[in-house]
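Asker: Here it is, the structure, as structure tokens.
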Amino acid sequence: MEYIPNLLFAIVLILGIGFFAKNVKKLIRNIKLGQDKDVSDNKSQRWKNMAMIALGQSKMVRRPISGFLHVVVYVGFIIINIEVLEIIIDGLLGTHRIGLSVLPQSVYGFLIGTFEILACLVFVAVIVFWIRRNVIKIARFWKSEMTTWPKNDGNYILYFEMVLMTLFLVMNATDLQFQALNSGNIVSQFITPWFSGFSESTLHGIERGAWWMHIVGILVFLNYLYFSKHLHILLAFPNTYYGNLKAKGQFNNLDAVTNEVKMMMDPNADPFAVPDEGAEEEIPAKFGASDVQDLNWVQLLNAYTCTECGRCTSECPANLTGKKLSPRKIMMDTRDRLEEVGKNIDTNHGEFKDDGKQLLGDYITKEELWACTTCNACVEACPVSIDPLSIILEMRRYLVMEQSAAPVELNNMMTNIENNGAPWPYNQMDRLNWKDE
């Protein structure tokens with residue numbers, strides 16, 4: 001009988017981690033649906049970006065208030081969960097605060113004391129976040145794309161964090177053995193008097209209940225991440241590592257098109273010549289992207305990493321002037337469509353069955369795409385190196401090269417370039433007529 005709690009704990013732990021691993025496998029599968037992209041260059045710069053942006057939060061603090069609060073929550077929550085190691089060992093071995101038998105009491109007390117202070121700071125920061133989101137109602141949290149689920153998702157995580165921090169402090173406050181040490185109970189000592197009227201056995205029950213709910217809550221939180229925008233807690237690191245290192249907004253030329261243009265401009269080239277054996281260029285099956293499978297895997301990783309913070313949309317000049325475009329919505333739509341494709345594959349035993357839908361049209365409209373000014377404000381504003389512009393440009397490429405569906409103004413410009421060698425509707429011979437006026 002004495003081993004039943006240990007066995008139960010092991011079952012809960014295995015189920016929690018197993019379900020998380022299953023979802024991670026599905027996540028990787030979905031990301032790999034994208035086209036191949038080589039990002040093996042300049043590894044030193046990539047590691048630096050990951051350290052500065054994902055770990056160091058360098059882009060978050062550009063907005064001081066939200067940036068500082070985010071750092072508090074991020075650092076506090078991560079460091080506090082170091083104690084999960086002790087909880088796991090205690091749960092599996094049936095010990096109680098095994099850290100006391102491994103570390104000197106002063107060191108253990110310092111660690112737990114630090115955790116308690118951070119728990120209070122996280123709790124306060126989360127309350128401020130909740131007020132900013134629900135009372136002050138900062139505009140970027142209430143845009144049209146922030147429907148019921150995105151709004152609730154943000155609040156659910158805040159509630160999760162408040163409950164977990166509370167359980168941690170209550171667990172310490174009702175642990176008589178820990179309180180008797182009078183070391184590390186910097187915050188919990190002030191909570192202990194709240195339970196002064198309870199018997200020792202009742203206090204033990206409360207401590208055990210808080211202990212169980214704390215670890216189960218962490219496992220639930222871990223598995224909730226896959227369904228939440230807070231997946232960025234994990235994906236921010238690979239996303240910043242694989243982020244674009246080239247000049248922002250640099251258009252990626254297609255080799256097939258580049259070679260065609262070079263041949264057209266070479267007076268000695270034979271347009272009817274048969275390519276040398278082994279030198280045949282790879283012509284893409286589709287120019288641009290109309291669905292998520294046409295995007296590259298880094299762009300799909302971007303979609304899953306989106307924090308829905310709205311910094312991109314709040315900086316977008318098109319959105320600020322009333323246009324329909326929202327870079328955040330571009331990423332949310334891409335992720336939603338990718339999830340739909342993934343479920344389609346699961347339903348059809350590992351194969352995608354055409355569902356008559358695609359990202360372009362069913363999720364993202366032409367109006368949104370052509371509203372973009374390609375100014376890169378969204379790319380610059382993103383705190384985790386997401387690039388909504390690259391997706392917009394790929395879908396524009398599809399509209400132009402596959403459907404000839406560019407706006408009239410662009411079609412006129414391209415016709416003028418083709419006929420006159422310039423965007424203006426004037427014959428080349430008349431270009432200097434202005435000097436005679």
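Asker: Under a 10 Å cutoff between Cα atoms, tell me which one of LYS137, LYS59, LYS246 has the largest fluctuation in the Gaussian network model of the chain.
Answerer: It is LYS246.
Asker: Could you please tell me the mean projected area of the C-alpha convex hull for the chain, averaged over all directions and given in square nanometres to one decimal?
Answerer: Mean projected area of the Cα convex hull: 31.3 nm².
Asker: Whole number please: convex hull volume per residue, Cα atoms of segment 68-147, in Å³.
Answerer: Dividing the Cα hull volume of segment 68-147 by its residues yields 119 Å³.
Asker: Sort all Cα-Cα distances of segment 332-386 into consecutive 5 angstrom bins from zero, then give the percent of pairs in each bin up to the one containing the longest distance.
Answerer: Cα pair-distance distribution for segment 332-386, in percent: 4, 16, 17, 19, 17, 11, 10, 6, 1.
Asker: How much of the pair distance distribution for segment 339-437 lies past 24 Å, counting alpha-carbon pairs only, in percent?
Answerer: That tail contains 50 percent of the Cα-Cα pairs.
Asker: Turning to a different aspect of this structure: For LYS323, list the lysines whose Cα falls under 21 Å from its own Cα; do not include residues on the same chain fewer than 8 positions away.
Answerer: Excluding near neighbours in sequence, the set is LYS143, LYS366.
Asker: What is the sum of charges around ILE233, taking Lys and Arg as +1, Asp and Glu as -1, for the other residues whose C-beta is under 14 Å from the C-beta of ILE233?
Answerer: Computed value for this residue: -2.
Asker: I've got another one for you. Lys/Arg Cβ at +1, Asp/Glu Cβ at -1, dipole of segment 120-229 taken about the Cα centre: which of SER201, TRP142, LEU167 is farthest positive-ward?
Answerer: Towards the positive end, the residue furthest out is TRP142.
Asker: Sticking with this one: For the chain, what does -39500 (n - 2.57) per DSSP helix run (n ≥ 4), summed and divided by total residues, give at 222 nm, in deg cm²/dmol to the nearest 500?
Answerer: One gets -18500 deg cm²/dmol as the mean residue ellipticity at 222 nm.
Asker: Give me, ordered by chain and number, the residues 5 or more places off GLN35 or on other chains with an amide H under 5 Å from its own placed amide H.
Answerer: Hits under the 5 Å cutoff: LEU295, ASN296, TRP297.
Asker: When the chain is treated as a GNM, springs tying every alpha-carbon pair under 10 Å, which of TYR226, TYR426, TYR159 comes out with the largest mean-square fluctuation?
Answerer: Of the options given, TYR426 has the highest mean-square fluctuation.
Asker: Here's something else I'd like to know. SER196: accessible area at probe 1.4 Å, nearest 10 Å²?
Answerer: Answer for SER196: close to 100 Å² accessible.
Asker: Given +1 on the Cβ of Lys and Arg, -1 on the Cβ of Asp and Glu, and no further charges, what dipole in debye does segment 321-437 carry about its Cα centre, rounded to the nearest 20?
Answerer: Result for segment 321-437 is approximately 220 debye, rounded to the nearest 20.
Asker: Here's another thing I want to ask about it. Using a Förster distance of 41 angstrom, determine the FRET efficiency expected from the C-beta separation of ASN42 and SER144, and round it to 0.05.
Answerer: After rounding, the FRET efficiency stands at 0.60.
Asker: Any cysteines in the chain with zero other Cys Cβ atoms under 4.7 Å from their Cβ? List them, or say none.
Answerer: Lacking a cysteine Cβ partner under 4.7 Å: CYS120, CYS306, CYS309, CYS316, CYS372, CYS375, CYS382.
Asker: Let me ask you something else. For the chain, report the accessible area per residue in Å² (1.4 Å probe, heavy atoms, rounded to an integer).
Answerer: Normalised by residue count, the accessible surface of the chain is 55 Å².
Asker: For the chain, which whole-number percentage of the solvent-accessible area (1.4 Å probe, protein heavy atoms only) is attributable to carbon and sulfur atoms?
Answerer: 62
Asker: Enter the angle in degrees (range 0 to 90, nearest 10) between the Cα long axis of helix 232-241 and the first principal axis of the Cα atoms of the chain, meaning the one along which they spread out most.
Answerer: 50
Asker: Which entries in the list LYS59/LYS137; LYS22/LYS246; LYS246/LYS286; LYS137/LYS329; LYS286/LYS329; LYS22/LYS137 go over 29 Å, if you measure between the two C-alpha atoms of each?
Answerer: Correct reply: LYS22/LYS246; LYS22/LYS137.
Asker: Could I ask something else about it? If THR313, THR365 are ordered by their accessible area, calculated over protein heavy atoms with a 1.4 Å probe, which sequence runs from highest to lowest?
Answerer: Solvent-accessible surface, decreasing: THR365, THR313.
Asker: At R0 = 51 Å, how high is the FRET efficiency between LYS366 and VAL216 if r is their beta carbon distance? Nearest 0.05 is fine.
Answerer: So the FRET efficiency works out to roughly 0.60.
Asker: Which of these, ASP291, ASP90, ASP336, has the largest mean-square fluctuation under a Gaussian network model of the chain (Cα springs below 10 Å)?
Answerer: Checking each option, the largest mean-square fluctuation is seen for ASP90.
Asker: I've got another one for you. Normalising by the residue count of segment 135-221, find the relative contact order in percent from Cα pairs under 8 Å and 6+ residues apart.
Answerer: 33
Asker: For the pair ILE4 and TRP424, how long in nm is the line joining their label points, each one 7 Å along Cα→Cβ?
Answerer: For the pair ILE4/TRP424, the computed spacing is 8.9 nm.
Asker: In addition: Can you work out ³J(HN,Hα) from phi for every residue in segment 59-67, in order, using Karplus 6.51 cos²θ - 1.76 cosθ + 1.60 and θ = phi - 60°, giving whole Hz and x for Gly and Pro?
Answerer: With the stated coefficients, segment 59-67 comes to 8, 5, 7, 5, 10, x, 5, 5, x Hz.
The values are calculated or read from the model by the stated rules, or taken from the named source; none is laboratory data. All of these numbers come straight from a predicted model, not from anything done at the bench. Every residue, glycine among them, receives a Cβ derived from its backbone with ideal geometry; neighbour counts consider all protein chains shown. Calculation scope for accessible area: heavy atoms of the full protein, side chains included, ligands and nucleic acids excluded. Shrake-Rupley method; radii C 1.70, N 1.55, O 1.52, S 1.80 Å.
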